[in-house]
Amino acid sequence: MHPFRKAVESRDLDAVAALLADDVVFTSPVTFKPYPGKAITAAILRGVLRVFEDFTYIREIANPDGRDHAFVFTATIAGKQIQGCDFLHFDDDGKIDEFTVMVRPLSAAQALAEAMGAQFEQIAREAAEQ
């Protein structure tokens with residue numbers, strides 16, 4: 001099992017943060033503008049784990065050189081089943097430098113946007129404290 005998947009599934013948020021490059025760029029499924037930086041990315045991931053219920057990775061796909069991974073997941077948010085994928089790129093040091101999330105269906109993406117919007121003040125505070 002990939003260390004990122006193991007860290008997320010065990011909810012070891014310190015281990016997740018340790019896998020992020022300082023210059024990581026997080027691309028959200030519900031906002032247009034990417035979020036650059038380790039502090040904001042780690043805070044967003046903590047927020048996501050607070051709002052997702054029953055989060056489980058169901059598939060892991062990797063290219064042969066190990067620099068690109070796709071982690072397919074399912075979860076529940078506000079009573080809606082969500083299916084998504086975390087697309088990760090790893091730099092030369094094995095740190096995540098690109099983190100893109102895609103989700104479906106639209107109703108679940110909308111529920112995610114609403115739930116994360118409610119988390120954003122806390123996310124911003126956590127990122128500023130880093």
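Quick notes
- Ordering of 81-91, 3-13 by packing [mean C-beta count within 10 Å, highest first]: 81-91, 3-13
- The calculated 222 nm mean residue ellipticity attributable to helices in the chain amounts to -12500 deg cm²/dmol, summing -39500 (n - 2.57) over DSSP H runs of n ≥ 4 and dividing by all residues.
- Applying the Karplus relation 6.51 cos²θ - 1.76 cosθ + 1.60 with θ = phi - 60° to the stretch 22-39 yields 3J(HN,Hα) values of 4, 9, 4, 10, 9, 10, 7, x, 10, 10, 6, 7, x, 10, x, x, 5, 4 Hz, where x marks Gly and Pro.
- Share of carbon and sulfur in the accessible heavy-atom surface of the chain [1.4 Å probe, %]: 53
- Computed over protein heavy atoms with a 1.4 Å probe, the accessible surface of the chain works out to 54 Å² per residue.
- The length gained by stretching the chain between Ser107 and Glu60 to full extension, at 0.36 nm per residue less their Cα-Cα distance, is 14.4 nm.
- Simple spin-label estimate for Lys6 and Ala124 gives 3.7 nm between the two label positions (7 Å along the Cα-to-Cβ direction from each Cα).
- Each of Met116, Met102 has its accessible area taken with a 1.4 Å probe; listed largest first, they run Met102, Met116.
- Converting phi to 3J(HN,Hα) with the Karplus coefficients 6.51, -1.76 and 1.60 and the offset θ = phi - 60°, the stretch 60-71 yields 10, 10, 9, 7, x, 7, x, 7, 10, 9, 10, 10 Hz in sequence order, with x at every glycine or proline.
- Note on Phe87/Ala15: beta-carbon distance plugged into 1/(1 + (r/R0)^6) with R0 of 22 Å gives a FRET efficiency of 0.65.
- Taking every lysine pair in the chain that is 8 or more places apart or spans two chains, those with Cα atoms closer than 24 Å amount to 4.
The values are calculated or read from the model by the stated rules, or taken from the named source; none is laboratory data. If you're wondering where the values come from, they're calculated on a predicted model, not measured in any experiment. A quick note on method: Cβ atoms are made from the backbone with ideal geometry, for glycine too, and the neighbour counts reach across all protein chains shown. Surface accessibility is based on the protein's heavy atoms, side chains included, excluding ligands, DNA and RNA. Shrake-Rupley method; radii C 1.70, N 1.55, O 1.52, S 1.80 Å.
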